[in-house]
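Here is the structure we will look at, set down as structure tokens.
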Amino acid sequence: MAAFSLLPSAHIAPKPTLHFIKASTSDLPKTSPSPPSTKPQLPSLKPHHNIREEARLHNAATVTTNHPRFSAKYVPFTSITDPSSSDESYSLDEIVYRSQSGSLLDVQHDMSALKHFDGAYWRNLFDSRVGKTTWPFGSGVWSKKEWVLPEIDDDDIISAFEGNSNLFWAERYGKDFLGMNDLWVKHCGISHTGSFKDLGMTVLVSQVNRLRKMNKPVVGVGCASTGDTSAALSAYCAAAGIPSLVFLPANRISMAQLVQPIANGAFVLSIDTDFDGCMQLIREVTAELPIYLANSLNSLRLEGQKTAAIEILQQFDWEVPDWVIVPGGNLGNIYAFYKGFSMCKELGLVDKIPRLVCAQAANANPLYLYFKSGWKDFQPVKAKTTFASAIQIGDPVSIDRAVYALKNSNGIVEEATEEELMDAMAQADSTGMFTCPHTGVALTALNKLRRSGVIGPTDRTVVVSTAHGLKFTQSKIDYHSKNIKDMACRLANPPVQVTADFGSVMDVLKKYLLSKSH
């Protein structure tokens, strides 16, 4: 271990209309400070200058005046829930994952500096960056840089212009199956590696890139993963030229998920345990070796993930939906959405936040059981196998974060059995979507809350789709082949076997068309 002695010990402690984003700043109040220009007057550039070089030249030529210094720091999560509990804090440039008491950490922004500008300023600044290729603001995450990692140099950022994902009006699904006219699906899986994890990983790997340039003792970045985290980590590390190490539970993730870190050059360990076992091992390893921990125990990722909430508000022209439903496993994402919405409210971009719903697989449902107990008795569970493999987690790291988010948003927790989530996925696919099983969990929660009358027919509701369905094709093949034990697969649509002659084909087609004519 002597070779790694430089590593500092980490603390273990009516039909709706589509909304288009406006880039106009004409409604900016006269008293608001002028937003920093996102289309600077640059010196004449030679054709070989790329967008990163253009940003470098612009930043070198820009003199910042009359603007407060935006900053952020780590604080114990307990100080978010109880501000008087601690004055402990750490620089984001420190390698630290927990507080001295063992609490999770949270990234706390200097809200007084951000409040120097009003809500109209921030709305117009964020809107003005959408759809641009200006580095790094073409990213849906880094277009909110001042709210994410305000002190990082643009040149240290590693981005695939993630975010800006589709907000899809699920017209037919809402109308035919739920009696709803304002149902939307936020397709976070339409992203660089096919899941919402890209939003957080661009932040984490960018900060690691900064730390390495500062000669901090970080040799590589590691994570335990049920699939999507490892895909995002390996891709962003590969883009940065940083070694990535991945601990995966053997035989518990899809081949589409496994191949991603392998293809991106990660060092992959397939370990005979579940996610919780992998998580325990990576914690122990990162305490001994100069490997930066990339799991959601690390609060940096949540800073990127919260931008999906801000993006939803942008896509609705800064109107707040009634409900947002998020699948939950390790439970960082439900808190990230809450944090994004609550920052927008506190800084005056909107005047309220939506009610949040966390949807869990019944085979891995500790938060649901805790909610049903009236928040009186949290007990980790031994997660059983679920098609929603990315949320197959029985001892979630971010349980306290999730409870805080749900309590402060008047939130609800629901669950979905394996049959319910697979039927919901198939039903959604039949209306033109191509969803992942985790989205099936969220859609099941929506179905239950709609049937019970909690969610009304005209409530504007957003279901967060966390990964692309193409990552989970085997589950769809098994379902439509009726090849899942103890599951009816009632919406299966298998191919019809028919002999190669005209009469047989015509008979089959007539029977099919007759069934559709009623």
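I'd like the full set of residues that are more than 16 Å from HIS480 (Cβ to Cβ) and open to solvent by less than 10 Å² (accessible area, probe 1.4 Å), limited to the range 414-443. Selection gives ALA416, HIS438, THR439, VAL441, ALA442, LEU443.
Against the list (1) buried (at least 18 other Cβ atoms within 10 Å of the Cβ); (2) farther than 18 Å from ILE334 by Cα, the condition SER389 fails is (2).
Just to verify a result, which residue in the range 245-261, among those that are surrounded by fewer than 16 Cβ atoms within 10 Å (Cβ to Cβ) and not in a loop (DSSP other than H, G, I, E, B), is modelled with the lowest pLDDT? Step by step, filter the range 245-261, then rank; the result is MET255.
Listed by position, the strands (runs of 3 or more DSSP E) contained in the range 123-235 that have at least 1 residues being among the basic types (Lys, Arg) and under 22 Å from the mean Cα position of the chain (by Cα) are 183-187. Would you call SER270 polar (S, T, N, Q), at pLDDT below 95 and open to solvent by 40 Å² or more (accessible area, probe 1.4 Å)? The answer is yes for SER270.
Give the range 492-518 a look and list any residue that's under 14 Å from MET425 (Cα atoms) and open to solvent by 60 Å² or more (accessible area, probe 1.4 Å), or say none.
Passing the criteria: only ASN493.
Does LYS448 satisfy being part of a loop (DSSP other than H, G, I, E, B) and not hydrophobic (A, V, I, L, M, F, W, C)? No.
Of note, GLY340 does not satisfy the criterion of being over 25 Å from ALA120 (Cβ atoms), small (Gly, Ala, Ser) and out of contact with any Pro (no Cβ under 8 Å at 6 or more places or on another chain).
Tallying residues that are surrounded by 17 or more Cβ atoms within 10 Å (Cβ to Cβ) and either hydrophobic (A, V, I, L, M, F, W, C) or in contact with a His (Cβ under 6 Å, 6 or more places away or on another chain) (or both) within the range 460-474 yields 7. Does SER101 count as open to solvent by 10 Å² or more (accessible area, probe 1.4 Å), in contact with a strand residue (DSSP E or B) (Cβ under 6 Å, 6 or more places away or on another chain) and part of a loop (DSSP other than H, G, I, E, B)? No; evaluated as a whole, the condition is false for this residue. Out of ASN215, ASN264, one residue alone is open to solvent by 40 Å² or more (accessible area, probe 1.4 Å) and closer than 25 Å to LYS476 by Cβ. It is ASN264. Among all residues of the range 408-424, there is at least one that is among the small types (Gly, Ala, Ser) and touching a Cys at 6+ places or on another chain (Cβ under 8 Å).
Listed here are the residues, each with its yes/no results for (1) farther than 29 Å from SER99 by Cα; (2) in contact with a Lys or Arg (Cβ under 8 Å, 6 or more places away or on another chain).
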{"position": "ASP272", "(1), (2)": "yes, no"}
{"position": "SER296", "(1), (2)": "no, no"}
{"position": "PRO321", "(1), (2)": "yes, yes"}
{"position": "PRO327", "(1), (2)": "no, no"}
{"position": "LEU331", "(1), (2)": "no, yes"}
{"position": "LYS345", "(1), (2)": "no, yes"}
{"position": "LEU349", "(1), (2)": "yes, yes"}
{"position": "LEU356", "(1), (2)": "no, no"}
{"position": "ASN363", "(1), (2)": "yes, yes"}
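Being of a type in the set (Phe, Trp, Tyr) and under 15 Å from PHE70 (Cβ atoms) is the filter here; which residues of the range 138-182 pass it?
If we filter the range 138-182 for residues that are of a type in the set (Phe, Trp, Tyr), which is where we start, we get 142, 147, 161, 168-169, 173, 177.
Within the range 138-182, TRP142, TRP147 meet the criteria.
Look at (1) surrounded by 12 or more Cβ atoms within 10 Å (Cβ to Cβ); (2) under 31 Å from the mean Cα position of the chain (by Cα) and you find that ILE477 fails only one, number (1).
Checking each residue in the range 207-239 for being of a type in the set (Ser, Thr, Tyr) and at pLDDT below 95 picks out SER225, THR226, THR229, SER230. I want to confirm something. Restricting to the range 392-412 and keeping residues that are more than 17 Å from the chain's Cα centre (by Cα) and outside any helix (DSSP H, G or I), which single residue is surrounded by the fewest Cβ atoms within 10 Å (Cβ to Cβ)? That would be ASN410.
On the stretch given as the range 108-136, residues that are charged (D, E, K, R) and touching a strand residue (DSSP E or B) at 6+ places or on another chain (Cβ under 9 Å) total 1.
Of the residues contained in the range 67-83, one or more are found to be part of a loop (DSSP other than H, G, I, E, B), of a type in the set (Gly, Ala, Ser), open to solvent by less than 50 Å² (accessible area, probe 1.4 Å) and modelled with pLDDT of 55 or more.
The values are calculated or read from the model by the stated rules, or taken from the named source; none is laboratory data. In this text the structure is predicted, and so the values were computed from the model without any measurement. Here Cβ is always computed from backbone atoms with ideal geometry, including for glycine, and neighbour counts include all displayed protein chains. Surface accessibility is based on the protein's heavy atoms, side chains included, excluding ligands, DNA and RNA. Shrake-Rupley method; radii C 1.70, N 1.55, O 1.52, S 1.80 Å.
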